[in-house]
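The values are calculated or read from the model by the stated rules, or taken from the named source; none is laboratory data. Remember, predicted model here, so these are calculated numbers, not experimental data. Virtual Cβ from ideal backbone geometry, glycine too; neighbours counted across all protein chains shown. These area figures cover heavy atoms from the full protein model, side chains too; ligands, DNA and RNA do not enter into them. Shrake-Rupley method; radii C 1.70, N 1.55, O 1.52, S 1.80 Å.
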Amino acid sequence: MQQQISFTLNRESVSVTVDGERCLLWVLRYDLGLTGTKFGCGEGLCGACTVIVGKEAVRSCKTPVKEVAGKQVMTIEGLSKDGKLHPLQEAFVKHTALQCGYCTPGMIMTAYALLQKNPHPTRAQAIDFMDSNLCRCGTQHRILDAIQDAGGTLKGSA
Amino acid sequence: MPSENSTLWTNVANGGLGETNRRDFLKTTGTGMGLLLVCSAAGPLVLKTAAQEPGGPPPFPKDFNAYIHVQPNGRITCYVGKVEIGAGEETSLAQACAEELDVALHSIDMVMGDTGVCPWDMGTFGSLTFNLYHKFFRAALAQGRAVLLQMASENLHVPVEKLQVADGVVSVVDTRSKSISYAKLAEGKLVVRHIEASVPTKTPANFKVMGKSVMRLDAIDKVTGNLKYAADHRMPGTLYARVVRAPAFGGKVKSIDTGAAERAGCKVVRDGDLVALIGDKPDLVEKALALVKAEWQREPDRLDDETIYAHLTKYESQMHLVGEKGSLAAGEKVVATALEGKPDLLERTYKTAYAYHAFIETHTNVAYFQDGKLTLWAATQAPFGIKDRVSSALKLDPKNVRVIAPYIGGGFGGKGTNTTANLEAARLAMLIPGKPIQIVWSRAEDIMYDSHRPAALIKIRSGLTKQGKVGYYEYKVFGAGDWGAETLYDFPHQRTSSVGTWESYRKNPPGMHSFNVGPWRGPATVSNTFANEVQMDELAVLAGVDPAEFRLRHLDGNKRMRNVLETALQQFGYKPFPKSPSGRGIGVSCGYLYNTYTCSVAEVEVDKSSGEVKVLRVVNAVDCGFVVNPLGATMQVESCIIFGIGTALSEQVRFGEGKFIDTNFDSYEIPRFSWVPKMEAVLIKDSPVPSPLGLGEPPIASVAPAIANAVYDAVGVRMRQLPMTPERIQAAIKQG
């Protein structure tokens, strides 16, 4: 059933007229043309589709778009401002916390949510928060270094 | 605006549906679009290579013009048939290009994996980017530099010997009084040159760019979400497709009612056994898929993930000999103990499960067919291989088929020519000409139609001599393939046989597997090394010797493997076992693949009540010849360690009656953040091999067996089946 849904997307107002039951991932990627957020599993199991709603990390593949009406949504495209990388993005580059990069937007958005709640996470806290995000290429330890670096809790040299 | 380090996709960004045909481009040279240097006087540049000679090297083009275009603004566009599958191929090839041409790394724009503009390549797999491709690539570039120097020499009236190049500028040594840039040399001229002699490539001692850890060229675009994968390339008018699948393998459609799906706004296309829904948005097509009513007919299939193993042994009569040393008959005589005149041999059976590639990006294709020409944007490791396969299967002239591989979200061998995904997309596009068709496999489809690592059963019979060394070794592998089957060690009497292979679903004896199999990181090697190294460990216990020492005693004939083993032990701080099992949870394994040697030392903790294994630490030492990018190499070792943990502890595809029980990541478990141990990758610096060898796969060979041997050392149970799930370990502890 088509309805008009308005929300804030990456600090700008948007309005879409769609079936409100459609999941946010598809509306972002195919109606709004933002392809940074990825499809991985369709069941909220891998985290590749993670976006921020309010301050929370949300799996957009399982979130009907009507649920974000009136809310503030941020995708990976919204993280850098005026061409300047967010400290988390810089940390991911510095620690080469990526290989194929497909899980990377979801990882960064999940990490963003972590640092909103807990700006200086311990290694164990970061592991716990990130544990339901999947990376097949094997860069998890580098992602943790990047998160702790951005959070000021990375011990020793990288 | 792409960052300095981002990759310029001139072919896709400019092209979209238009064709940037390199042949046409080359014809228009001389209009200020940049220099074409033709190194051969033999005629127009031919991008298609000569047929491969049997037993000869792959037909990589030798002419450097196939790889390089010098732009008027000084930038270098570098065309390679390789694909960035995640391991940093783009960056390492750019490093090689910068090195051989003496240009700045950030002045290079890589164009990869486009059969329309890039030179032929066999595919990005087999750990061959360094092992094989680099040689040809660099040799061609060295030629190009030599041609440019010759031209500079004529321009500056200075002999070539007195010239040097830095950052794409040729200048006179010592005085730098005169100089000219590659770009200036290139300006709007068509030059025909012929260089007879081959030009040597740079040597490691002189490397300025290679051998260094540099920032990945794709890093910034990956962290900003700007980088485009196959599903991200947008074209006007794109339609989205999903195939109507049988619920089980081999199912044929008996009757189908797509009425409800059509009323929901989808179009139906049908071509024999292929039925697909097409719509405006992928999620709407998926929703409509659930409305399709179909009846399926299939042959009953009694194989499941447990009965597969006995099934594999039925092919014993078709075994072929892989290798042999001495004779088993002589081996029987040297075996130490005999019961009633028969040698006392240790006979063991090993099993390894089917595994799924589990890339986070599922199979994704965008196909466009118009006026007899097909363009396929495919998440593939092998664009040229796919081009051949699609052309031949769909009876299209290869000249009219173009495959473009963008950055892909993981390959691991599963996005090569063994998959059906690309062909399916091409077929759909031909059914709907004039419209780009995007098809992204669901996770369930991806698991079911993967070209899986085949399940394997391995039988080993072995015996010790009076001196406590292995004197008899008979190895039989069913299902996995040959690689890694032959032992690393000096066994005087050994025989290795095999039936079944990962190489292709169609190459296997009929009925061996119920579904598609193919190359999975470290093909055959993962299964064979597990069997060989767990057996070796048990033999060490029988001989009363520390497992590491036992291995060293059998490596007189293999200095490189000895060196890797000793290095790993030293890095770990390994102390010999007082007895086996020692309770410390430490295990060792050697391994090899493609002339690269690896050794893992693993430390684990086992929860005796739950059977859960926590891998605490893994040291993985590897001799891969010359290391081109130390950071890249380290990351490949780490990647293999984590992959190996999945193989060791959780990864198995469960199925029965043609259906897969595992349909998503809830039950097909791959390693998580909390599973990752402390890892130490040790890259051997003093390898006797001066050239780079493969590294993307070999380190995985030794990981699972080291963990299995560590489990034995922790709790005294000998696991001979992968994966070693908590249930299996619990059961083994109860039994033991």
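Computed quantities for the displayed model
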{"quantity": "Per residue, in Å², the accessible surface of segment B:522-567 once ligands and nucleic acids are set aside, probe 1.4 Å", "calculated": "27 Å²"}
{"quantity": "Sequence of B:K202, B:K395, B:K351 from largest to smallest accessible area, 1.4 Å probe", "calculated": "B:K395, B:K351, B:K202"}
{"quantity": "Prolate/oblate/rounded call for chain B, Cα gyration tensor, a/c under 1.5 rounded", "calculated": "oblate"}
{"quantity": "Violating pairs (Cα-Cα greater than 19 angstrom) within the set A:K81/A:K117; A:K66/B:K228; A:K81/B:K222", "calculated": "A:K81/A:K117; A:K66/B:K228"}
{"quantity": "Inter-label distance, nm, simple model (7 Å from Cα along the C-beta direction), B:A205/B:K325", "calculated": "3.6 nm"}
{"quantity": "Accessible surface, segment B:243-302, averaged per residue in Å² (probe 1.4 Å)", "calculated": "59 Å²"}
{"quantity": "Principal axis box of segment A:1-108, alpha-carbon based, largest edge first, Å", "calculated": "46, 31, 22"}
{"quantity": "Karplus-derived 3J(HN,Hα), 6.51/-1.76/1.60, for each residue of segment B:251-263, Hz, glycine and proline x", "calculated": "x, 10, 6, 9, 8, 8, 10, 9, x, 5, 5, 5, 5"}
{"quantity": "Rg over Rh, two decimals, the protein assembly as shown (C-alpha only, Kirkwood Rh)", "calculated": "0.97"}
{"quantity": "Residue-level accessible surface for B:F660, protein heavy atoms, 1.4 Å, Å²", "calculated": "20 Å²"}
{"quantity": "Residues in segment A:119-158 occluded by at least 50 Å² - accessible area, probe radius 1.4 Å, against chain by itself", "calculated": "A:D131, A:L134, A:R136, A:Q140, A:H141, A:R142"}
{"quantity": "Summed side-chain charge close to B:A358 - residues other than B:A358 whose Cβ falls under 14 Å, Lys, Arg +1, Asp, Glu -1", "calculated": "-2"}
{"quantity": "Percent carbon-and-sulfur accessible area, the protein assembly as shown, ignoring ligands, DNA and RNA, probe 1.4 Å", "calculated": "51 percent"}
{"quantity": "Per-residue average of Cβ from other chains inside 10 Å of B:666-679", "calculated": "4"}
{"quantity": "Spin-label proximity, B:A197 to segment B:128-170 - amide N less than 19 Å from point 7 Å beyond Cα toward beta carbon", "calculated": "B:139-154, B:158-165"}
{"quantity": "Rounded FRET efficiency, nearest 0.05, which uses the C-beta distance separating B:Q370 from B:E347 and R0 of 60 Å", "calculated": "0.45"}
{"quantity": "Equivalent ellipsoid semi-axes - Cα gyration tensor, segment B:452-559, angstrom", "calculated": "30, 13, 11"}
{"quantity": "Label-to-label distance, nm, for residues given as B:S255 and A:K55 (7 Å Cα→Cβ offset)", "calculated": "5.9 nm"}
{"quantity": "Shape category assigned to segment A:82-158 from the gyration tensor of Cα positions, a/c cut at 1.5", "calculated": "rounded"}
{"quantity": "Segment B:392-527: Cα Rg divided by the 2.2 N^0.38 Å rule of thumb", "calculated": "1.46"}
{"quantity": "Helix-only mean residue ellipticity at 222 nm for chain A, each DSSP H run of n ≥ 4 adding -39500 (n - 2.57), per residue, nearest 500", "calculated": "-7500 deg cm²/dmol"}
{"quantity": "Sites B:A294 and A:Q4, calculated FRET efficiency, Cβ-Cβ separation with R0 30 Å, nearest 0.05", "calculated": "0.25"}
{"quantity": "Residue-averaged [θ]222 nm for chain B, counting only DSSP H segments that reach four residues, each worth -39500 (n - 2.57)", "calculated": "-7500 deg cm²/dmol"}
{"quantity": "Cα centre as origin, Lys/Arg/Asp/Glu Cβ charges: segment B:652-736 dipole, Debye", "calculated": "240 debye"}
{"quantity": "Gyration tensor over alpha-carbon atoms, segment B:540-653, equivalent ellipsoid semi-axes in Å", "calculated": "24, 21, 12"}
{"quantity": "Protein heavy-atom accessible area occluded, B/A pair - total, 1.4 Å probe, Å²", "calculated": "4300 Å²"}
{"quantity": "Nearest-0.05 FRET efficiency for B:Q318 and B:D686, computed from C-beta distance (R0 51 Å)", "calculated": "0.70"}
{"quantity": "Accessible surface ranking that places the most exposed of B:S327, B:S127, B:S177, A:S13 first, with a 1.4 angstrom probe", "calculated": "A:S13, B:S177, B:S327, B:S127"}
{"quantity": "Taking only Cα atoms of segment B:181-296, radius of gyration then Dmax in Å", "calculated": "26.9, 70"}
{"quantity": "Sum of side-chain charges, B:A246 neighbourhood, beta-carbon under 11 Å (Lys, Arg +1; Asp, Glu -1)", "calculated": "+3"}
{"quantity": "Net lengthening on full extension, B:R654/B:K575 (0.36 nm per residue, minus Cα-Cα)", "calculated": "24.5 nm"}
{"quantity": "Stokes-Einstein D (µm²/s) once Rh is taken as the Kirkwood radius of segment B:344-411 over alpha-carbon pairs, at 20 °C in 1.002 mPa s", "calculated": "148 µm²/s"}
{"quantity": "Too-long pairs where the Cα-Cα distance tops 32 Å, listed order kept, from B:K325/B:K678; A:K84/B:K435; A:K155/B:K614; B:K281/B:K387", "calculated": "B:K325/B:K678; A:K84/B:K435"}
{"quantity": "Accessible area (Å², 1.4 Å probe, nearest 10) - B:F249", "calculated": "30 Å²"}
{"quantity": "Distance in nm between pseudo-label sites at B:R270 and B:S392 (7 Å out along the Cβ direction from Cα)", "calculated": "3.1 nm"}
{"quantity": "Heavy atoms of A:K84 accessible to a 1.4 Å probe, total area in Å² rounded to 10", "calculated": "140 Å²"}
{"quantity": "Nearby lysines by direct alpha-carbon distance to B:K608 (threshold 19 angstrom, same-chain neighbours under 8 apart not counted)", "calculated": "B:K734"}
{"quantity": "Segment B:612-685 - Rg (one decimal) and Dmax (whole number), Cα, Å", "calculated": "15.8, 51"}
{"quantity": "Residues of segment B:589-643: accessible area per residue with a 1.4 Å probe, Å²", "calculated": "26 Å²"}
